[in-house]
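First up is the structure itself, then whatever we jot down about it.
Where a number appears in this text, it was derived from the coordinates with a stated rule and is not lab data. The structure presented is a predicted model; accordingly, all values stated were derived computationally and were not measured. So basically every Cβ, Gly included, is an ideal-geometry build from the backbone, and we count neighbours across all protein chains shown.
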Amino acid sequence: MTRAVQQTTRDLRRHNRSALLSRLYVQGPTSRQDLTRESGLSSATVSNVVSDLINDGVVAEAGLVESDGGRPRTLIQVRGEFGHVVGVDIGETHVQIGLFDYTLGTLATATYSVAATRLEPEQVVGLVLAGVREVVSKAGVETGGLLGIGVGVPGAVQVAGRELVYAPTLGWSAVPLGDMLRRDLPAPIYLDNCARTLGQAEMWRGAGRGARRAIVALLGVGVGAAVATASESFRDMAGTTSTTSEWGHTVINVDGRPCRCGSRGCLEAYVGAEAVLDDYLALPDARPFESAGTEARLAELVARAEDDGGASQVLGRTAEYLGIGIANLINLLSPDRVVLSGWVGETMGAAILPAVRETVRRHALSYMYGQVRIELGQLGQEAVALGAATLPVVQVLASGGSVPASAPGPHLP
């Protein structure tokens with residue numbers, strides 16, 4: 001009986017720590033009084049939990065804020081210095097690794113082109129290991145001291161005794177990527193779909209902040225979307241839940257272009273980066289690109305659109321197809337925010353956003369369009385890596401600030 005009581009007490013303490021820490025993490029600096037009012041916990045419980053978190057180095061006092069008719073209140077905030085996390089973006093054009101502090105401040109990044117590789121799992125793992133070595137070396141951080149490493153993959157992660165990655169766009173089927181990384185990385189490893197983690201990051205730190213339900217579009221060579229919904233409880237995924245969809249493989253043109261998924265007329269076949277470049281090169285007066293690589297060429301295309309009628313035409317057509325795809329999502333899911341993110345969103349988003357909005361206005365139901373904002377992502381080129389870094393952050397939040405034990409394995413040299 002005593003053991004059961006102790007277990008229940010520990011569970012309740014962990015729950016309270018997780019609830020308050022998650023709220024602080026998502027909302028930012030907050031007073032003890034506001035935490036009490038918003039959490040529904042007693043002032044004594046909030047005071048005790050906050051004191052414990054301060055003593056453990058997870059949060060700290062962050063100055064005073066004026067209160068109505070009373071003494072100034074002390075703000076509490078999560079400490080970025082509490083620990084470090086790594087986010088890995090495994091994409092079709094690059095593998096990017098970012099080192100972040102606990103509040104997702106960027107400390108170092110490393111990016112490797114995969115143009116010369118076949119994206120074989122072993123080759124990708126080698127790039128990830130090299131990138132982790134590089135970013136921790138730049139910041140002077142010990143790999144074994146990381147809170148965790150999150151990995152975003154362009155596919156599904158299924159758990160059946162172990163994590164298996166299914167990523168058709170990479171040619172991967174049942175790849176045990178987590179086990180492959182754990183052989184050489186002495187930190188906890190977490191895998192998930194990159195669109196889902198990106199949606200989480202945009203809700204926490206980007207253009208999705210304050211949204212009730214946001215659709216976060218991951219635009220790259222492939223096209224995906226996450227539906228991120230704010231949670232009332234702040235207990236699940238630190239206040240948001242996120243699901244992904246194969247939005248890029250919804251059909252927008254019957255008997256349209258062949259798509260690499262085997263179907264025809266998919267959205268990805270019209271707005272994916274390689275499709276956009278192919279559209280331009282198919283024009284009679286198209287000029288060859290001076291750059292090499294998909295990312296550099298798309299940036300060159302956007303620059304050309306200022307004085308090249310063909311490039312401008314291609315971007316306009318891309319905006320129209322993308323707008324139709326977004327209108328379909330709005331009519332289906334009724335979001336209050338749509339965020340265009342990913343490296344393609346970063347590269348050509350500003351150039352096509354007005355045309356995208358106009359197309360959505362024409363095709364979405366008017367009462368749904370009237371309640372939605374369409375915005376560009378705010379997280380920059382490392383958006384997907386930062387999204388992946390939310391995976392270890394969530395684990396620490398769920399544990400109430402407890403640091404996970406490192407996975408077994410040798411330290412990187």
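Simple spin-label model, 7 Å along Cα-to-Cβ: Ala139 to Ala174 in nm?
Taking the two extended label points, one gets 3.7 nm.
What spacing in nm lies between the two simple spin-label points modelled at Ala156 and Leu333, each 7 Å away from Cα in the Cβ direction?
Reported label-point gap for Ala156 and Leu333 is 1.7 nm.
For the chain, modelled as a Gaussian network with Cα springs under 10 Å, which listed residue fluctuates most, Ala275, Ala217, Ala228?
It is Ala275.
Calculate the dipole size of region 31-139 relative to its Cα centre from +1 charges on Lys and Arg beta carbons and -1 charges on Asp and Glu beta carbons; express the result in debye to the nearest 20.
160 debye
Rounded to the nearest 500, what is the 222 nm mean residue ellipticity of the chain from helices alone, with -39500 (n - 2.57) per DSSP H run of 4+ residues and division by all residues?
-13500 deg cm²/dmol
Roughly how many debye, to the nearest 20, is the charge dipole of the chain about its Cα centre, given +1 on each Lys and Arg Cβ, -1 on each Asp and Glu Cβ, and no other charges?
1340 debye
Indicate, rounded to the nearest 5 percent, the antiparallel portion of the DSSP beta bridges found entirely in the chain.
70 percent
For every other residue with a beta carbon closer than 14 angstrom to the beta carbon of Val136, add +1 if it is Lys or Arg and -1 if Asp or Glu, then tell me the sum.
Surrounding charge for Val136 is -2.
Once the other residues with Cβ under 11 Å from the Cβ of Glu163 are scored (Lys, Arg +1; Asp, Glu -1), what is the net sum?
Counting the neighbours of Glu163, the net charge comes to 0.
Where the only charges are on Cβ atoms (+1 Lys, Arg; -1 Asp, Glu), what is the dipole of region 314-380 about its Cα centre, to the nearest 20 debye?
140 debye
Along the charge dipole of region 296-413, Cβ charges K/R +1 and D/E -1, which of Pro354, Asn331, Ala389 sits furthest on the positive end?
Ranked along the dipole, the leading option is Asn331.
Explain nothing, just compute: Karplus ³J(HN,Hα) = 6.51 cos²θ - 1.76 cosθ + 1.60, θ = phi - 60°, for every residue of region 171-179 in order, whole Hz, x for Gly and Pro.
Values, residue by residue: x, 9, 9, 6, 7, x, 4, x, 5 Hz.
Where does helix 194-205 land angle-wise versus the long Cα axis of the chain, in degrees 0 to 90, nearest 10?
60 degrees
Once amide H atoms are built 1.01 Å from N in the peptide plane, which residues 5 or more positions from Gln381, or in another chain, come under 5 Å H to H?
none
Could you compute the net charge surrounding Val393? Neighbours are other residues with a C-beta less than 12 Å from the C-beta of Val393; K and R count +1, D and E count -1.
Local net charge: 0.
Between the helical axis of 294-304 and the dominant principal axis of the chain, each derived from Cα atoms, what acute angle in degrees is found, rounded to the nearest 10?
With both axes taken from Cα atoms, the answer is about 70 degrees.
What's the angle, to the nearest 10 degrees (0 to 90), between helix 383-398's Cα axis and the longest principal axis of the chain?
For helix 383-398, the angle is close to 20 degrees.
For region 338-351, what does the Karplus curve 6.51 cos²θ - 1.76 cosθ + 1.60, with θ = phi - 60°, yield as ³J(HN,Hα) per residue in whole Hz, taken in order and with x for Gly and Pro?
10, 10, 8, 10, x, 5, 5, x, 5, 6, 10, x, 5, 6
Quick one: 3J(HN,Hα) in Hz for region 100-105, Karplus 6.51/-1.76/1.60 with θ = phi - 60°, rounded, Gly and Pro as x.
Per-residue couplings from phi come out as 10, 6, 5, 9, 6, x Hz.
So if we plug the beta-carbon distance of Leu376 and Arg10 into 1/(1 + (r/R0)^6) with R0 = 35 Å, what FRET efficiency do we get, rounded to 0.05?
Rounded to the nearest 0.05, the efficiency is 0.20.
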